[in-house]
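The values are calculated or read from the model by the stated rules, or taken from the named source; none is laboratory data. All values derive from a computational prediction rather than experimental measurement. Methodologically, a virtual Cβ is constructed for each residue, glycine included, from the backbone with ideal geometry; neighbour enumeration extends over all protein chains shown.
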Amino acid sequence: MPVTLTLMTLAGVAFAAPVVAGHIVLSADRGSAPSPSLAWTSMFLREVAACAAAIAAIPLGWRERAPAFTGPIARTEHRTPVVLVPGFGMNRSCFFPMQAALRARGWSWVHAVNRGPRGGRIPTYARHLQEQVERLCAQSGQEQVDLVCHSMGGLIAAWYLQELGGAARIRRLITMGTPWEGTRMAAFRGPLSEGADMLLDAPLIAALLEPTVPTFCIWSRQDQLIVPSQSACPPWALSTPHMVQELEMVGHLEMIANFAGIDAVSQALLGSWSLAGGEEE
């Protein structure tokens, strides 16, 4: 029993440590510590739990799966196939809750991809995403898909759109906690070279332009891995406020699994958003 308790305590500390570190850097960037409150404590504990669940599920998503769907797209169905793109250090397993939720809400074609090959950089991952999108279009018989991307996944999608002609295949892009302008937390990337593309002064970040497809940005001021947090809601997104959704008291990994995040994604997928600053007729 003491051994079990010790192991559980060590595991809790291990999962909480990156969340604590992230909030320390976020507070330093803002020049003020978070005000202690029940809501903040609840958010912190939920984020630790989300980190633990995501890390524990990683082995389940190591192997890339072929697209598997609940059924063919009916002639009367107007929902575009959805591709889910994970972020730094994650794989398709982090999208299990969202994938299940979207299918329960009526999307027949929802496919989560991995980054590949491992150890690459964002341009390499973008080419892999291009292959997966082409594969999904071929199997679904649709000319376009929607992309829902978490964290670094949004940068992968942006590079695919900008440099690989992805705009012809993508109807809309939805990003969640994506460091469009970089993040200070990329300095703690460890041995994974892909993190270098997310530094504040990274050449890739400087080269990115505003996407040429309707782009919906979901972000949180409490996102401990995007520092500064406004990086997930860049100036070009603020020019179309109907395509921005701020989540209250939600952390970086929790946002892709909680009801508020899934609701925001559902609304963004169903909405008739345009680049002109309003809803399409």
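For this structure, a couple of remarks:
- Filter result for residue 135 (of a type outside the set (A, V, I, L, M, F, W, C), surrounded by 22 or more Cβ atoms within 10 Å (Cβ to Cβ) and at pLDDT below 95): no
- Positions within region 175-195 being farther than 14 Å from residue 151 by Cα and either buried (at least 16 other Cβ atoms within 10 Å of the Cβ) or of a type in the set (Phe, Trp, Tyr) (or both), in sequence order: 188
- In region 255-270, the residues that are of a type in the set (Val, Ile, Thr) reach residues that are in a helix (DSSP H, G or I) with C-beta atoms within less than 6 angstrom, at least six apart or across chains, in these pairs: 256/98; 262/98; 262/101.
- Whenever a residue of region 133-156 is part of a loop (DSSP other than H, G, I, E, B), its partners that are surrounded by 16 or more Cβ atoms within 10 Å (Cβ to Cβ) and of a type in the set (Ser, Thr, Tyr), lying with C-beta atoms within less than 7 angstrom and at least six residues away or across chains, give the pairs 142/80; 144/80; 151/178.
- Identification of helices (runs of 4 or more DSSP H) wholly contained in region 165-281 with 3 or more residues that are within 17 Å of the chain's Cα centre (by Cα), modelled with pLDDT of 95 or more and within 19 Å of residue 90 (Cβ to Cβ) yields 259-270.
- Checking every residue in region 196-208 against the condition of being surrounded by fewer than 24 Cβ atoms within 10 Å (Cβ to Cβ), farther than 26 Å from residue 243 by Cα, in contact (Cβ under 8 Å) with a residue 60 or more places away in the chain and in contact with a helix residue (DSSP H, G or I) (Cβ under 9 Å, 6 or more places away or on another chain) gives at least one match.
- Filter result for residue 15 (in a helix (DSSP H, G or I), under 20 Å from the mean Cα position of the chain (by Cα) and at pLDDT below 80): yes
- Condition met for residue 102 (under 18 Å from the mean Cα position of the chain (by Cα) and either at pLDDT below 75 or assigned to a helix (DSSP H, G or I) (or both)): yes
- Qualifying residue in region 117-130 (condition: closer than 24 Å to residue 252 by Cα, in a helix (DSSP H, G or I), modelled with pLDDT under 95 and among the small types (Gly, Ala, Ser)): no
- Test: residue in region 160-167 that is in contact (Cβ under 8 Å) with a residue 60 or more places away in the chain, under 16 Å from residue 123 (Cβ atoms) and touching a helix residue (DSSP H, G or I) at 6+ places or on another chain (Cβ under 6 Å): no
- Members of region 91-116 found to be surrounded by fewer than 20 Cβ atoms within 10 Å (Cβ to Cβ), out of contact with any strand residue (DSSP E or B) (no Cβ under 6 Å at 6 or more places or on another chain) and over 19 Å from residue 252 (Cβ atoms), listed by number: 100, 104, 105, 106, 108, 116
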